[in-house]
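Before any comments, here is the structure.
The values are calculated or read from the model by the stated rules, or taken from the named source; none is laboratory data. Since we're looking at a predicted model, the values are computed, not measured. When we count neighbours, we look across all protein chains shown, and the Cβ atoms used for this are built from the backbone with ideal geometry, even at glycine. With ligands, DNA and RNA removed, areas are computed over all heavy atoms of the protein, side chains included. Shrake-Rupley method; radii C 1.70, N 1.55, O 1.52, S 1.80 Å.
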Amino acid sequence: MSDPRTHSHVPPPFTPLGRRQFLGRATTGIGVVALASLLSGEGWAAPRRTAVGGRAGALEHLDFAPKAKRVIYLFQSGGPSHLDLFDYKPGLEKLNGQELPDSVRKGQRLTGMTADQKTKPMAASIFRFAQHGQSGACVSELLPHTARIVDEIALVRTMTTTAINHDPAVTFCQTGAEQPGRPTLGAWLSYGLGTANQDLPAFVVLTSGQVGQNLHTRYWESGFLPTVHQGIQFRAQGDPVLFLSNPKGMAPAMRRSILDSIRALNEMKHEAIGDPEIATRIEQYEMAFRMQTSVPELMDLSHEPDSTFALYGPDARTPGTFAANCLLARRLAERDVRFVQLYHRDWDHHGGLPANIRRQCAQTDQASAALVLDLKQRGLLDDTVVIWGGEFGRTVYSQGNLTKTDYGRDHHGRCYSQWMAGGGFKPGLVYGETDDFGYNIVRNPVPVHDFHATLLRLLGVEHTHLTYRFQGRDFRLTDIAGEVMPALLA
Amino acid sequence: MQGFRWGIAGALLLVVAVAKAAPPAAAPSGGPGRFARVVRPLLVAKCFACHADNVALSGLRLDSRAGMLKGGQRGAAINPGHPETSLLLRAVRHEGALKMPPEGRLSAAEIAALTEWIRTGAAWDGAPVGDGRLWALAPLTRPAPPEVRTRGWVRTPVDNFVLARLERERLRPAPYADRRTLIRRVTFDLTGLPPTPEEVDAFLADRAPGAWERVVDRLFADPHYGERMAQHWLDLARYADSDGYHDDTTRLMWRYRDYVIGAFNRNKPFDQFTIEQLAGDLLPNATVEQRTASAFNRCGPTTSEGGAVPEEVLARYASERANTAGQVWLGLTVQCAECHDHKYDPITTRDYYQLTAFFNQVPEQALYRGTDAPPTLLIATPEQQKLLDEHTAQITALEEEIKAEGGVAGTGAMVSPEEKARREARTKRLNDLKAARTRIDREARLRVMADVPERRPTHILLRGDYRNKGAEVQPGTPSVLGAPAAGGPANRLSLAKWLVNSGNPLPARVTVNRFWQMLFGAGLSRSSDDLGMRGEKPSHPELLDYLGSDFIANHWDVKRLLRSIVLSATYQQSSRTTAALRVRDPQNRLLARGPRFRLPAEFIRDNALAIAGLLDRARAPGGPSVKPYQPGDLWRELSAGDDAGKSYIQDHGPDLYRRGLYTFWKRSILYPSFAVFDAPKREVCAGQRPITNTPLQAFATLNDVTYVEAARVFAARIIQQGGVGFGPRLDYAYRVVLARPPNAREQDVMERLFRQARERYGADPAAAKELLTAGEAPQVTDLDLPEHSAWTCVANALLNLDETVTKE
C-alpha cells in the first residue's frame, strides 16, 4: 500500500513480507509466478511469513507443533436440542409434565418468549437413546449415522454460552463477542495463519436449509481485520462465487486477452510510479483468473464415484443441500483451504419439535458422519478438525403445550452439546456432565472462549498471541478469557 | 472503524477472568493522585503493551494491583512497602538478568516515582485522570505558521507547517502534479466523480492566474459535493436502510441521508450540524429539518428478535448512541469504559454512564422493526398527504354512517340478509381503509429523537451488565473534559452545545483530522477514530492545531476548511516519488508527495457510470434508496420468512444509474459490489475504511453486469463521439476515463486487444450480440457489431486499470 489506511497506527499486519519480496521482482513481470515458489514449503517453527504458499499469515511463528492444519465447522443454526440428541436424561420420563423446580432454574433469565409462560412443564425426550461404540456414548435414535462414529468424535455435553437469542449467540460463537464488529473465527485463521492454497480463498462459506433464522454475512466477515480475510460464500445457484463467470458473449480466450492487456498496462504504470499497490493488483487479477478455473472444478461433483454418494447419501447429488456441502467441504479440505464454514438452518424448534428435529436429522446425520469417515479414509482427518454444533441448546421445559407426542423447547444457553472430530481432538471422548434436567452444568463446563482457545492450540497457536490492534486495543478471538482444555486433546 | 461495546458476554467473562486472577484488593491509602498522575501513565506507556489484559507475557499482568501482587512466572512483581524486594523495581533498575522495559531503560525520575509509589504502599487509585499527557486533550493552540526557507513554494499556511518539517528532515517536496492529474484528483475529492473531458480542457486552457481556485470553487458549488461529503458522514452516522439485527427489516431513513447532503451543500456550519443531529428535536420551535437531523441517533441497529430481553436491548441502544457520539465528536473509545475504567484514557465508568444518561430517555419500545418505530415524524410528500387525506375522509364518512345506524342496530331489530351482508362488507372496507392509511402513514414517517417528559434514572451498570445496577448517575460529560455551562436542563441539547462551545479541543481536532484523511487517505493522526493514549500522535501536531483553531475561528465553515487544504501546494504535489523516498517514508507521513489511493466503493461504481454516460445526473440529490442490479436473489438465500425486504426487487430505468450513496444499504447482506470494495455494513460507526486489494474486486469490475453494461454503452459513445479511426477513438476514451491521452506503448497494447477482439467477434456475431445486450440500457443497434464488441472489450479493460480505480 502506498498509504496504508489501516484502522490503527500499526502497519497493516496483513501486508506480509511476501509482498515485499514480490515487489523486488514485480517490475520484471515474473513476480507473480515467482511468488508461489518463493513462499512454498511449510514447517513448524520456521519463520511463518515465508513458510506458507499462497499468502503468509501474520503470525511470525507458531507456538506449538500444530496438530491441525484446517477446520470444517458444521454449524447447526437455530440451536439443536441437546436433550433430544446427545444429552440423555432418563430421570425425566418420570418427571414428564411436572413443573420445572425453582431450585433448578435458580432465577436464571429466560428469553422473552417463555419468561411469562405460566407453567413450565418438563418434557422428556420422546426419542430413544442407546449407548454406542467403545466409548459407550449415548446418542439418540435420531442420529443413527453419528452413533456409528462415536469412537471418532469428542462429544462435549457441557458447552455453555452467555447469550440466549440467535443473533447475539451466533455472533458470539463466531467472534467471541455478542456485539457485531469483531472478526470471525475463519477470518482470524486467515489472518494469523494465511493460506496454503493460492487458487482458492482461505475461508469458504457454504449454506443450506431454506428457512429458519436469518444468516447475516456478519457471521463470516472480517470485522476490523482487512476484508481479504472475510469468508467467501460459494453458492449453489448462479455463480458459485459472485461475478465469477465472464459476461455472456465473452469467451475465456477473449477474457484472457483482456486480462493480458490490463496486466501489460498496469505493469507500465507500476514501472512509472513504483506504487506497490499496483503490483498487488496485478497479482489479484491473476488469482481471479485462476479462480475461474479452480472454483468450477471444485464445485463439479460429476467425477465423484457412486460410492461417494452412497456414503454421503442421495441428497449429496443436489446442490445446496447439507450433504452436498459436506462433500464440498471434503473437496475444499483436499485443496488445503484453511477454514470451511457450513451453515445449516432451521434448528429453532420452539414448537412441534419432534417432527422438526426428525427432518433436520434426516438432512444432516448421514452426511456429517460421512464427512468424518471420508476424511479418515483419505488420511485427512489427522490434520483436519470437524466441528458439529449450534449456538445454544434448548430448555427442558416445554414451550407451549406438552402432549404425549409433541412439545417445543425454548433457547437454552447454560449447556448444550457439540462434537469435534480429528485434528488432535480426543476420539471417543464424552466430556462434561449436566444435571438430571439437562439445565445446569455439574462438571467440566466448556465456555465458548475455552473452546476457541483449545481449537487454536490444535492449530499451533497460543490464543493470547493472535491479536490485532484496533482503536488502541489488542483484540483477540478469546477476548479477555479463554483457557485451553487439555482434557479434550488426544 | 467499528466502535465496540463490551456486551453482557464480555461483562460476564470479565467477571470470570477477574475472579481467576483474584479480585482487586481495596486500595490502601496514601499518595493520593500520584498514582493517577505519574505511575499509571508510566505503566500504560512502558508496560501495558506486554503485561496487560490481552497479552500477559510470562503470565504477568501489571494492569491491576492484584495482578502485580500475583505476579507472573517469576513471582510477585511488587512487595508493597518494600521497594528493595520488589521484582518490578529490580527489573527496571537493571539489577539482575531481567531488564525491563526491553526497548530502553526508564529515566531516573521514573524509577524514583515507581520506588516511592511502592514504598508508600502501592495504592491503586483505579480511576485514571487527565494528566496532560494525552496530546489530544491539550488546549487547542493557534500556532503561527513557521518560517520556511523555500518561501516560493508556499500557497497556504498549510504549506508552512509541512515544508518546515520537510526542511528539518532535509527533504524536498515533490513537484506539482500536472494539471490533468490535479483536476481529476480534486474532482474525485470534492464530488466523488471524474472530471469531464470538457472540464479538463477548460482547466488546461485557463492560463490566467486563479485557474485552480476557479476549478475548486466550481466544485464546491456543485450539488455533487454534498453527495460526496455525505458518503463519508453516513459511515460515521452508521446510516442504513435496514434494522441490522435479527431479521433485518427494511426501515425508511433516507430523509436523514438527504438532510446530510443538503447540510453539506448549503455549507451548514459544523457546530450547527452537530447540534441539529444530536439534539435537533430539543431546539426551541424545532423545524422539520432540525427534527429530521435528530434521526442521527435513530440510525443505530435495532432488534425485534422475539426472545430478546427488553431491558437489555434498551441498555444496548443507549450505549450504542453514547459510543457513536464519543467516536464521532470526541474521537475517543469511550465504549472501553462500559465495563471498567478505561485502561488507557481518562474516562471512568462513571463518566461513561453519565454520557449514556443523555441517550436513554427515548420513548421507544425495546423491540421494534422497520417503519413501525415511534417516536417518528410524519414527513409526507404531497402525494402521500393527498392519499392520507382521502383515506381519512372516507374513513370518517363510513364511521359516521355506522354511527348514524347505531340506534337501529342497537334495538336488535331484524335486518335482512342483504342488509347484513352490506354491513359486513362495509366493516371490511373500513378496516381495509384503516390498514391502508396506516401503511401510507408509516411510509411517510422517519424515526426521530425525543425525550420522555419525566427523566428516567440512570445507573452505572457493573461490568456492563444490565442486571447489575450500581450507583445512580446524572447526565454529564467526561470529567476530564469539563462540564457543560450551568443553567438549563442537562440533556442532549446541553451536551451538543458543550461539544462545540466549551473550548473542548476534541471536536475540532477530530473533525479536521477526518477531513484531512478524506483528502490524503490518512489523517495527520492516522488513528482517526482513536485520539486517545493508544492512538497515534499526529505527524504535524501544530498543523492540526492550526487547522482546528482556524476552523472554529471561522465559525466551523467546512468548505473554507477544505478549500484551505486543496489550495495548498502540499495537496497539489505529484504522488510520484523516488524509490529512496518510498523506502524512507513508505506511508507518506512527511507529506513529501501527493496522495495516491484506491477510490471508495461507491465512487468506483459512480466513476464507471459517469464514464459510460449512464449516471443519472438529471435528478436533484436525494430520494428513496434504490436497488440496482444484483445477481440472483441473494436476500432470499440468506433471509428468513416472507416479510417485505426479504426478496430483492430490482429497480429499473434511471434508478439503476443513481450514485452509489443512494443504493439500498442492507446491513445483513450488503450490496455485493460495495462489500468487496471495503464498504462497511454500518452496524457500528466507522470513521475509517480499510483499503484492500482482492481477487473478488477484479470479478466485480470485470464481470458484474453494472460494469459490462457500462463498457458496452461507453463503447458506443467512443464510436459515436470519438471521431474516426482507432487512434482518435482511443484518445477520446483515455481522456474520458483518465483525463489524459494514451502514450504510444499504451496505444500499442490497446490496439492489439482491439484487433484481436474485432477479429473474434467478426467470426462470432452471436457472441457479439450477447455481449452487447448486457444490462437494461437501450441497445445501440446501428453500429457495426464486431467494432462495437471490440470497443466494449477495450472499455472493459480500461474500467479495470489500476489508474482508473485510483485517485492519484
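Summary table below
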{"read-out": "First in region A:199-222 and part of a strand (DSSP E or B), second anywhere and surrounded by fewer than 23 Cβ atoms within 10 Å (Cβ to Cβ) and among the hydroxyl-bearing types (Ser, Thr, Tyr), Cβ under 8 Å, 6 or more apart", "value": "A:SER208/A:THR321"}
{"read-out": "Residues located in region A:366-401, provided they are of a type outside the set (Gly, Ala, Ser) and modelled with pLDDT under 95", "value": "A:ASN401"}
{"read-out": "Unmet criterion (only one of (1) without any contact (Cβ under 8 Å) to a residue 60 or more places away in the chain; (2) more than 14 Å from every other protein chain (Cβ to nearest Cβ); (3) open to solvent by less than 10 Å² (accessible area, probe 1.4 Å)) for A:ALA453", "value": "(2)"}
{"read-out": "Among (1) open to solvent by less than 40 Å² (accessible area, probe 1.4 Å); (2) in contact (Cβ under 8 Å) with a residue 60 or more places away in the chain; (3) in a loop (DSSP other than H, G, I, E, B), the one test that B:VAL148 misses", "value": "(2)"}
{"read-out": "Hey, B:THR181 surrounded by fewer than 23 Cβ atoms within 10 Å (Cβ to Cβ) and either free of Cβ contacts under 8 Å to residues at least 40 places away in the same chain or within 20 Å of B:ILE604 (Cβ to Cβ) (or both) or not", "value": "yes"}
{"read-out": "In region A:242-259, the residues that are touching a Leu at 6+ places or on another chain (Cβ under 8 Å) and either open to solvent by 20 Å² or more (accessible area, probe 1.4 Å) or facing chain B (nearest Cβ under 7 Å) (or both)", "value": "A:LEU242, A:PHE243, A:ASN246, A:PRO247, A:LYS248, A:GLY249, A:MET250, A:SER257, A:ILE258"}
{"read-out": "Residues (part of a helix (DSSP H, G or I), within 8 Å of another protein chain (Cβ to nearest Cβ) and open to solvent by 10 Å² or more (accessible area, probe 1.4 Å)) located in region B:767-794", "value": "B:ALA767, B:LYS769, B:GLU770"}
{"read-out": "Selection count, region B:610-632, where residues are under 26 Å from the mean Cα position of the chain (by Cα) and away from chain A (no Cβ under 12 Å)", "value": "14"}
{"read-out": "Which numbered condition A:ARG263 misses (of (1) open to solvent by less than 40 Å² (accessible area, probe 1.4 Å); (2) farther than 30 Å from A:GLN76 by Cβ; (3) more than 8 Å from every other protein chain (Cβ to nearest Cβ))", "value": "(1)"}
{"read-out": "Test result for A:VAL228, open to solvent by 20 Å² or more (accessible area, probe 1.4 Å) and in a helix (DSSP H, G or I)", "value": "yes"}
{"read-out": "Among the candidates B:ALA77, B:ALA52, residue that is among the hydrophobic types (A, V, I, L, M, F, W, C), in contact with a helix residue (DSSP H, G or I) (Cβ under 9 Å, 6 or more places away or on another chain) and touching a residue at least 40 places away in the same chain (Cβ under 8 Å)", "value": "B:ALA52"}
{"read-out": "Failed item in (1) farther than 20 Å from B:VAL200 by Cβ; (2) away from chain A (no Cβ under 13 Å); (3) touching a Lys or Arg at 6+ places or on another chain (Cβ under 8 Å); (4) surrounded by fewer than 18 Cβ atoms within 10 Å (Cβ to Cβ), with B:PRO741 passing the rest", "value": "(1)"}
{"read-out": "Filter pass, B:GLY523 being free of Cβ contacts under 8 Å to residues at least 24 places away in the same chain, open to solvent by less than 10 Å² (accessible area, probe 1.4 Å) and assigned to a loop (DSSP other than H, G, I, E, B)", "value": "yes"}
{"read-out": "Any strands (runs of 3 or more DSSP E) falling wholly within region A:338-441 and containing at least 1 residues that are aromatic (Phe, Trp, Tyr) and touching a strand residue (DSSP E or B) at 6+ places or on another chain (Cβ under 7 Å)", "value": "A:339-344, A:384-389, A:393-398, A:416-421, A:429-431"}
{"read-out": "Candidates B:LEU283, B:LEU314 - the one that is surrounded by fewer than 19 Cβ atoms within 10 Å (Cβ to Cβ), within 14 Å of chain A (Cβ to nearest Cβ) and modelled with pLDDT of 95 or more", "value": "B:LEU314"}
{"read-out": "Residues that are of a type in the set (S, T, N, Q), more than 27 Å from the chain's Cα centre (by Cα) and open to solvent by less than 10 Å² (accessible area, probe 1.4 Å), drawn from region B:574-609", "value": "none"}
{"read-out": "Count of residues meeting criterion [buried (at least 24 other Cβ atoms within 10 Å of the Cβ), facing chain B (nearest Cβ under 10 Å) and not hydrophobic (A, V, I, L, M, F, W, C)] in region A:433-450", "value": "1"}
{"read-out": "Enumeration of residues in region A:288-317 that are among the small types (Gly, Ala, Ser), in a loop (DSSP other than H, G, I, E, B) and farther than 23 Å from A:VAL241 by Cβ", "value": "A:GLY313"}
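Matching residues to (1) basic (Lys, Arg); (2) within 13 Å of another protein chain (Cβ to nearest Cβ); (3) open to solvent by less than 20 Å² (accessible area, probe 1.4 Å); (4) part of a loop (DSSP other than H, G, I, E, B):
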residue	(1), (2), (3), (4)
B:SER673	no, yes, yes, no
B:PHE677	no, yes, yes, yes
B:ALA686	no, yes, yes, yes
B:ILE691	no, yes, yes, yes
B:LEU702	no, yes, yes, no
B:GLU709	no, yes, yes, no
B:GLN720	no, no, no, no
B:PRO728	no, no, no, no
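Conditions (1) under 17 Å from the mean Cα position of the chain (by Cα); (2) open to solvent by less than 10 Å² (accessible area, probe 1.4 Å), marked per residue:
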{"site": "A:LEU327", "(1), (2)": "yes, yes"}
{"site": "A:GLN341", "(1), (2)": "yes, yes"}
{"site": "A:GLN360", "(1), (2)": "no, yes"}
{"site": "A:ASP365", "(1), (2)": "no, yes"}
{"site": "A:GLN377", "(1), (2)": "no, no"}
{"site": "A:THR384", "(1), (2)": "yes, yes"}
{"site": "A:VAL396", "(1), (2)": "no, yes"}
{"site": "A:GLY400", "(1), (2)": "no, no"}
